[in-house]
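First the structure, in the form of structure tokens, and then the observations on it.
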């Protein structure tokens with residue numbers, strides 16, 4: 001699903017209005033019908049509804065929604081926040097239609113703010129996605145009072161398209177007044193602001209409703225931001241042939257584990273096997289030999305000369321993909337071996353047709369990169385790295401806000417011609433061409449030790465099966481989050497462990 005900026009959404013609206021053709025007020029009606037259908041599916045009409053409307057088209061949406069809810073027998077009170085004299089034409093059309101059904105009350109000062117009762121639902125339709133400056137004056141006072149009511153847990157707030165006060169495409173100034181909804185119902189496509197961590201309080205649980213905007217125009221509209229959903233992830237999967245054999249699905253090498261951290265190698269190996277690889281070899285220090293042989297009998301164990309850590313690179317010719325980093329440690333000998341690995345991947349093959357293994361780097365492999373930055377220049381093009389936010393900060397530098405971090409992410413991927421999987425809620429996958437994909441699966445229960453090692457194993461398996469790096473990263477991230485959702489459903493978010501997630505991997 002594409003993520004468009006405000007200007008692109010306006011252009012999509014305008015194209016639909018011109019080419020369907022449809023009047024703008026009728027398109028507003030269509031959007032309001034879609035919102036109301038979602039609302040009625042979530043809340044029954046036993047709860048009073050208070051709709052707060054601004055004076056532009058977002059307020060017009062609110063007035064239309066109020067009218068449609070009245071028709072569905074909801075107890076509705078509508079309020080217009082009179083912060084200016086100018087009103088949009090579509091606002092006025094819906095104002096006239098609603099005024100024939102209910103008395104519309106005007107908030108001209110904070111003294112007019114209505115009483116909000118227990119169990120009320122507040123619909124926020126004051127400002128839409130076009131806002132470019134912080135709210136102030138009367139609107140600020142109204143939002144502050146709405147938030148005071150929400151803080152008492154007496155009300156549920158639902159924002160229309162975007163929370164009032166939230167910028168769609170840029171960071172809000174520190175201290176901005178923004179509605180903090182329980183739900184946001186967006187029209188047609190999500191906003192970039194929905195996918196960024198610091199905006200979580202100003203988005204709540206978000207949903208998109210289809211309002212019939214022109215699909216052909218939407219398809220042709222370029223964007224650097226994409227929402228990775230089931231449809232996209234599913235389209236990338238390749239079916240298995242009846243006459244496949246283990247060689248068909250590649251041979252992966254996992255370089256993982258050190259003294260006291262062999263568990264990370266176990267988790268990565270088990271996830272790699274669950275993700276369809278044909279053959280798996282796990283390179284571990286000698287202390288991990290019996291552990292791997294016992295816990296992952298399907299894998300071959302290849303031991304280092306060292307008892308405690310990774311110290312030298314084995315021959316790479318047998319392998320289609322290499323995953324390195326989980327539980328690796330940062331010993332000087334390990335740094336030297338990592339450098340040798342990158343050097344080996346730089347060397348030309350014995351024949352023009354010989355391909356080097358694809359590479360995934362995580363955890364301590366990334367920490368060694370950040371501490372020895374000359375190695376960054378030697379990353380093979382197409383490498384996949386999977387940092388969490390702190391690891392990424394050590395690699396790319398600090399950012400003042402989420403939007404700046406997003407630019408750092410794009411620049412880092414493009415500058416090194418690699419794929420960066422920035423882990424977290426809505427894990428972001430950055431491609432060298434500047435496109436960023438935000439994942440739709442996963443939950444807070446995955447914030448536990450070992451889940452990152454599992455992702456490394458999954459992506460390594462997909463690369464070994466000859467998936468291109470971008471597809472391997474996208475499928476891996478989506479399926480990793482999906483396994484986390486299954487594990488949470490079975491064990492709960494608080495009780496689930498990384499091992500539960502491995503067992504929940506399905507394809």
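The values are calculated or read from the model by the stated rules, or taken from the named source; none is laboratory data. On a predicted model such as this, the values are computed, not experimentally measured, just so you know. Quick reminder, even Gly has a Cβ in these numbers, built from the backbone with ideal geometry, and neighbours come from all protein chains shown.
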Test result for residue 151, farther than 26 Å from residue 7 by Cα and either outside the structural domain of residue 54 (by TED's automatic domain parsing) or without any contact (Cβ under 8 Å) to a residue 12 or more places away in the chain (or both): yes
Selection count where residues are touching a strand residue (DSSP E or B) at 6+ places or on another chain (Cβ under 6 Å) and closer than 22 Å to residue 25 by Cβ, scope segment 103-154: 6
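Here is a yes/no grid of residues against (1) buried (at least 21 other Cβ atoms within 10 Å of the Cβ); (2) in contact with a strand residue (DSSP E or B) (Cβ under 8 Å, 6 or more places away or on another chain); (3) closer than 25 Å to residue 196 by Cβ:
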| site | (1), (2), (3) |
| --- | --- |
| 438 | yes, yes, yes |
| 442 | yes, no, yes |
| 446 | yes, no, yes |
| 451 | yes, no, yes |
| 454 | yes, no, yes |
| 457 | yes, yes, no |
| 463 | yes, yes, no |
| 467 | yes, no, no |
Residue in segment 349-358 that is buried (at least 22 other Cβ atoms within 10 Å of the Cβ), modelled with pLDDT of 95 or more and either touching a helix residue (DSSP H, G or I) at 6+ places or on another chain (Cβ under 8 Å) or closer than 22 Å to residue 424 by Cβ (or both) present: yes
Residue identified as more than 23 Å from residue 86 (Cβ to Cβ) and over 23 Å from the mean Cα position of the chain (by Cα) among 148, 141: 148
Qualifying residue in segment 145-161 (condition: surrounded by 22 or more Cβ atoms within 10 Å (Cβ to Cβ), in a helix (DSSP H, G or I), on the phi < 0 side of the Ramachandran plot and modelled with pLDDT under 95): yes
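Residue-wise test of (1) over 30 Å from residue 316 (Cβ atoms); (2) under 29 Å from the mean Cα position of the chain (by Cα); (3) assigned by TED's automatic domain parsing to the domain that holds residue 443.
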residue	(1), (2), (3)
208	yes, yes, no
259	no, no, yes
267	no, yes, yes
280	no, no, yes
287	no, no, yes
294	no, no, yes
Qualifying residue in segment 211-219 (condition: closer than 13 Å to residue 4 by Cα, surrounded by fewer than 18 Cβ atoms within 10 Å (Cβ to Cβ) and either out of contact with any helix residue (DSSP H, G or I) (no Cβ under 8 Å at 6 or more places or on another chain) or in contact (Cβ under 8 Å) with a residue 40 or more places away in the chain (or both)): yes
Output for segment 220-235, where each listed residue is within 21 Å of residue 169 (Cβ to Cβ) and either part of a helix (DSSP H, G or I) or free of Cβ contacts under 8 Å to residues at least 24 places away in the same chain (or both): 220, 222
Some residue of segment 470-487 being part of a loop (DSSP other than H, G, I, E, B) and either closer than 22 Å to residue 381 by Cβ or in contact with a helix residue (DSSP H, G or I) (Cβ under 6 Å, 6 or more places away or on another chain) (or both): no
Selection count, segment 397-418, where residues are closer than 16 Å to residue 225 by Cβ and either under 18 Å from the mean Cα position of the chain (by Cα) or at pLDDT below 95 (or both): 10
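Over 17 Å from residue 164 (Cβ atoms), modelled with pLDDT of 95 or more and either surrounded by fewer than 16 Cβ atoms within 10 Å (Cβ to Cβ) or within 36 Å of the chain's Cα centre (by Cα) (or both), is that true of residue 51?
On the way: over 17 Å from residue 164 (Cβ atoms): no; modelled with pLDDT of 95 or more: yes; either surrounded by fewer than 16 Cβ atoms within 10 Å (Cβ to Cβ) or within 36 Å of the chain's Cα centre (by Cα) (or both): yes.
For residue 51, the condition - over 17 Å from residue 164 (Cβ atoms), modelled with pLDDT of 95 or more and either surrounded by fewer than 16 Cβ atoms within 10 Å (Cβ to Cβ) or within 36 Å of the chain's Cα centre (by Cα) (or both) - is not met.
Residues that are touching a strand residue (DSSP E or B) at 6+ places or on another chain (Cβ under 8 Å) and surrounded by fewer than 24 Cβ atoms within 10 Å (Cβ to Cβ): list the strands (runs of 3 or more DSSP E) wholly contained in segment 261-336 that include at least 2 such residues.
Values: elements: 279-284, 300-303, 321-324.
The strands (runs of 3 or more DSSP E) meeting that bar are 279-284, 300-303.
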